[in-house]
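As structure tokens, the structure follows; a few thoughts come after it.
The values are calculated or read from the model by the stated rules, or taken from the named source; none is laboratory data. None of the values given here were measured: they were computed from a predicted structure. Cβ: placed from backbone, ideal geometry, glycine included. Neighbour counts: every protein chain shown. Side chains included, ligands, DNA and RNA excluded: accessible areas come from the protein's heavy atoms. Shrake-Rupley method; radii C 1.70, N 1.55, O 1.52, S 1.80 Å.
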Amino acid sequence: MHGLGAGWRSWTPIIGELAERREVIAVDLPGFGETPPLTGEVSIATLTDSVADFIHEQGLDGVATAGQSVGGRMVLELARRGVGGDTVALDPGGFWSNRELFVFGATLRPSITLVRALRGMLPQLLGSSAGRTLLLAQLSARPWALSREIVLPD
């Protein structure tokens, strides 16, 4: 499961290697990619509910789960609920102190506003490693290494 502000494509750099050893099902969380948003409250709990429902509906009980950032927090919640099998949580989000939560919220809101204002220019801006670094530094450890094709849909 992907992190906040991303979609399944954020796993593209490693899906091939994972697929050599496992069947890979990369999903877009509700409100991302082609997946419709949730109606009502959106929280770690409600997003996790939707993924748990998907796992059960698809007959994937016992499936290994992996997640990054918010997705990492969600796979930990799935494990806590007894949903799925092996669990890998990469940099799970949502365990912030009050100060960290304030800083994250205070910096994320302006970032979202900026990206919305630049929407028409994003294909050009994301075409360079410098543009990807400036726009994605808050959400990626190595934004310059991501390709335009991976980040543009998100």
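What are the residues in the range 64-103 that are small (Gly, Ala, Ser) and out of contact with any Ser or Thr (no Cβ under 6 Å at 6 or more places or on another chain), if any?
Correct list: Ala64, Ala66, Gly67, Ser69, Gly71, Gly72, Gly82, Gly85, Ala89, Gly94, Ser97.
Residue-by-condition table, conditions (1) farther than 30 Å from Leu135 by Cα; (2) hydrophobic (A, V, I, L, M, F, W, C); (3) part of a strand (DSSP E or B):
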position: Arg21; (1), (2), (3): yes, no, no
position: Leu29; (1), (2), (3): no, yes, no
position: Gly40; (1), (2), (3): no, no, no
position: Asp53; (1), (2), (3): yes, no, no
position: Asp61; (1), (2), (3): yes, no, no
position: Ala66; (1), (2), (3): no, yes, yes
position: Met74; (1), (2), (3): no, yes, no
position: Val83; (1), (2), (3): yes, yes, no
position: Pro92; (1), (2), (3): no, no, no
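Got a sec? Which of Arg21, Arg9 is under 12 Å from the mean Cα position of the chain (by Cα) and either among the β-branched types (Val, Ile, Thr) or open to solvent by 60 Å² or more (accessible area, probe 1.4 Å) (or both)?
Only one candidate qualifies: Arg9.
What about Thr48, is it farther than 20 Å from Arg9 by Cβ, in contact with a helix residue (DSSP H, G or I) (Cβ under 7 Å, 6 or more places away or on another chain) and assigned to a helix (DSSP H, G or I)?
It is true that Thr48 is farther than 20 Å from Arg9 by Cβ, in contact with a helix residue (DSSP H, G or I) (Cβ under 7 Å, 6 or more places away or on another chain) and assigned to a helix (DSSP H, G or I).
Looking only at the range 116-154, which residues are farther than 21 Å from Leu90 by Cβ and in a loop (DSSP other than H, G, I, E, B)?
Listed by number, the residues that qualify are Leu118, Leu126, Gly127, Ser128, Leu152.
Go through the range 69-87 and count every residue that is touching a helix residue (DSSP H, G or I) at 6+ places or on another chain (Cβ under 7 Å) and either of a type in the set (Lys, Arg) or open to solvent by 40 Å² or more (accessible area, probe 1.4 Å) (or both).
The total comes to 3.
So the check is Cβ under 6 Å with 6+ separation or different chains; which pairs have a first residue in the range 35-60 that's closer than 18 Å to Leu76 by Cβ and a second one that's of a type in the set (Gly, Ala, Ser)?
As it stands, the answer is Ile44/Gly94, since those pairs meet every condition given.
Restricting attention to the range 92-109, and to residues there that are touching a residue at least 24 places away in the same chain (Cβ under 8 Å) and surrounded by 12 or more Cβ atoms within 10 Å (Cβ to Cβ), which single residue is nearest to Leu136 (Cα to Cα)?
Leu108
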